[in-house]
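Reviewing the structure listed below.
The values are calculated or read from the model by the stated rules, or taken from the named source; none is laboratory data. If you're wondering where the values come from, they're calculated on a predicted model, not measured in any experiment. Virtual Cβ from ideal backbone geometry, glycine too; neighbours counted across all protein chains shown. Areas reflect the complete protein model, heavy atoms only, side chains present, ligands, DNA and RNA absent. Shrake-Rupley method; radii C 1.70, N 1.55, O 1.52, S 1.80 Å.
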Amino acid sequence: VGKDKIVTVQLLNKKTGKPVPDAVIFATRLDMAPDGMAEMATKIALDPATAEPGSYRFKATFGMEGRWLLSIGAKVQGENGTVEGKLVITAQK
């Protein structure tokens, strides 16, 4: 729980299992939908300080303990359409 917490997501190619570098992240949302509070969204921003290819860092504010749903939309070079993913993060004190 707190401000400017780092969340790192690795984008992998399902066929090859290799990291996908240079994806364009165009949509992000972080809310408490898993705990029945989808209206409780918080601030999340892409952090340009990415450690390795295929890893995408975000700074987020987790205002309270509980389960948060991170939703991401990305455009991957060489792929038609967009890639969307969701994952649940548990924030603790």
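Starting from the Cα of residue 39, step 7 Å along the direction of its Cβ; do the same at residue 86; then give the gap between the two resulting points in nm.
The answer from the label model is 1.9 nm.
Considering only Cα-Cα distances, which of the following residue pairs are longer than 29 Å: 15/43; 43/93; 3/86; 5/86? The partial results should precede the final answer.
Working: 15/43 33 Å; 43/93 18 Å; 3/86 21 Å; 5/86 18 Å.
As for pairs spanning more than 29 Å Cα to Cα, those are 15/43.
Apply the Kirkwood formula to the chain: the hydrodynamic radius equals the inverse of the mean of 1/r over all pairs of different alpha-carbon atoms; give it in Å with one decimal. List each step's numbers first, then the result.
Working: mean 1/r = 0.0722 Å⁻¹.
Evaluated on the chain, it is 13.9 Å.
Please compute the per residue accessible area over region 25-68 with all protein chains in place, 1.4 Å probe, rounded to a whole number of Å². The partial results should precede the final answer.
Values: 2420 Å² over 44 residues.
On a per-residue basis, region 25-68 sits at 55 Å².
Extension gain residue 12-residue 24, at 0.36 nm per residue separation less the Cα-Cα distance, in nm? Mind showing how you got there, number by number?
On the way: separation 12, 0.36 × 12 = 4.32 nm, distance 1.39 nm.
Net length gain for the segment: 2.9 nm.
Using R₀ = 22 Å, calculate the FRET efficiency as 1/(1 + (r/R₀)^6) where r is the Cβ-Cβ separation of residue 1 and residue 76; round to 0.05. Spell out each step's value before the answer.
Details: r = 32 Å, r/R0 = 1.47.
The computed FRET efficiency comes out at 0.10.
Please list 32-41, 79-88 highest first by mean number of surrounding beta-carbon atoms within 10 Å per residue.
Result, highest mean first: 32-41, 79-88.
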